[in-house]
Amino acid sequence: MKKFNKKDLVVLTMGDPSGIGTEITIKSWKSKKTKAPFFLIHDPIYVQKVIKKMGLKVDIKIIHRPIDALKCFKNYLPIFPIEIDKKTVLGSPNIKNSKKILESIDKAVRFVKNGEASSMVTNPVSKEVINKINKSFKGHTEYLAKKDKQKIFCMMMINNKIKNVPLTTHLPLKKVSKHISEKLIIQTSQLINRTLKKDFGIANPKIAITGLNPHSGDKGLLGNEENKIIIPAIKKCKAKKIRIYGPISADSAFIKSNLKLYDAFLCMYHDQALIAAKVIDFENTVNFTAGLSYVRTSPDHGTGYEIARKFIANETSLISAINTSILISSNK
């Protein structure tokens, strides 16, 4: 059996304890399908309650140093303890846990930046719940980039068939066109190019870029963003030796031949990128934040409040997030 060390260790945040994060973490440990050990930052008393309700035989071990997880992971689910509100129940968001949710994230960041863990995986949270105490919170991606003092970053949705990046992330659709710029396209393309080389070992990556409008604007008939912004940005990217092609109409960008031809796709907005990745393989899709000084991934779904009491949540995306984080960190 392989002997693990802290370079293999993954730290998981608790996410929203009222959601499915606790359940899928327990199931992930129980499955024995993760390629490296992990520990969870959570309230051990609450985790035990969830285990009991699930009717599973899972023993936990409270740890006070990340490295202690290596000693017990085979037989115990390691928990780094924090205390959540005692009235927390599955399926019912609890505003009193907002600070603890952020505390779990902040502790995980500290562990990976200190080298006590190789990577971090974030369980799902609710922006609405956290916004009650942090009005600027738009999601993990933006929050972590700000804490890491990174101005150039992107969300990369990954599965075995596709790597998709939305140029703009959590914006109302009516604001998307105002936030698209030559500068942002060039910076994001450069980041994707570096990430594919550095984190995924692709020596000479090919990137496809989608248009914003139907039929990529149809030569200006359906919008001018392609002619005025996207095409000039592509030309400048090519001048920087980036192999980028397009703009490709989003309705045909993700056909099978293109999935084989391109190593990644740069899409203009959130749903353009995420719908394609999730339709192709929802259960195994992982969210990776490119541009951070450390490795962070997450499952591709939300808190699942509506099913949190049913214990029917699928842990596959979380397992994929853990295994992907180890794959990427091993390339660092």
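The values are calculated or read from the model by the stated rules, or taken from the named source; none is laboratory data. On a predicted model such as this, the values are computed, not experimentally measured, just so you know. Every residue, glycine among them, receives a Cβ derived from its backbone with ideal geometry; neighbour counts consider all protein chains shown. Accessible surface areas use protein heavy atoms only, side chains included; no ligands, DNA or RNA. Shrake-Rupley method; radii C 1.70, N 1.55, O 1.52, S 1.80 Å.
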Within the stretch 143-166, work out how many residues are more than 27 Å from Ile307 (Cα to Cα), in a helix (DSSP H, G or I) and either open to solvent by 30 Å² or more (accessible area, probe 1.4 Å) or not aliphatic (A, V, I, L, M) (or both). 2
Just name the residue that is most open to solvent (accessible area, probe 1.4 Å) out of those in the stretch 81-96 that are outside any loop (DSSP other than H, G, I, E, B) and under 14 Å from Ile45 (Cβ atoms). Val89
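Here is a yes/no grid of residues against (1) crowded, with 17+ Cβ neighbours inside 10 Å; (2) in contact with a Lys or Arg (Cβ under 8 Å, 6 or more places away or on another chain); (3) free of Cβ contacts under 8 Å to residues at least 40 places away in the same chain:
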| site | (1), (2), (3) |
| --- | --- |
| Ile207 | yes, yes, no |
| Ile229 | yes, no, no |
| Cys237 | yes, no, no |
| Gly246 | yes, no, yes |
| Ser252 | no, no, yes |
| Ile255 | no, no, yes |
| Gln272 | yes, no, no |
| Ala276 | yes, no, no |
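Okay, residues lined up against (1) of a type in the set (A, V, I, L, M, F, W, C); (2) open to solvent by less than 20 Å² (accessible area, probe 1.4 Å); (3) modelled with pLDDT under 95; (4) touching a Phe, Trp or Tyr at 6+ places or on another chain (Cβ under 8 Å):
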{"site": "Glu283", "(1), (2), (3), (4)": "no, no, yes, no"}
{"site": "Ala290", "(1), (2), (3), (4)": "yes, yes, no, yes"}
{"site": "Ala313", "(1), (2), (3), (4)": "yes, yes, no, no"}
{"site": "Leu318", "(1), (2), (3), (4)": "yes, yes, no, no"}
{"site": "Ala321", "(1), (2), (3), (4)": "yes, yes, no, no"}
{"site": "Leu327", "(1), (2), (3), (4)": "yes, no, yes, no"}
{"site": "Asn331", "(1), (2), (3), (4)": "no, no, yes, yes"}
Within the bounds of the stretch 102-124, is there any residue that is open to solvent by 10 Å² or more (accessible area, probe 1.4 Å), touching a Phe, Trp or Tyr at 6+ places or on another chain (Cβ under 7 Å), under 16 Å from Lys7 (Cβ atoms) and not in a loop (DSSP other than H, G, I, E, B)? yes
Which condition breaks for Lys74 when tested against (1) in contact (Cβ under 8 Å) with a residue 40 or more places away in the chain; (2) charged (D, E, K, R); (3) closer than 20 Å to Ile319 by Cβ? (1)
Filter the stretch 111-133 for residues that are within 26 Å of Ala308 (Cβ to Cβ) and of a type in the set (A, V, I, L, M, F, W, C) and give the result. Met120, Val121, Val125, Val129, Ile130, Ile133
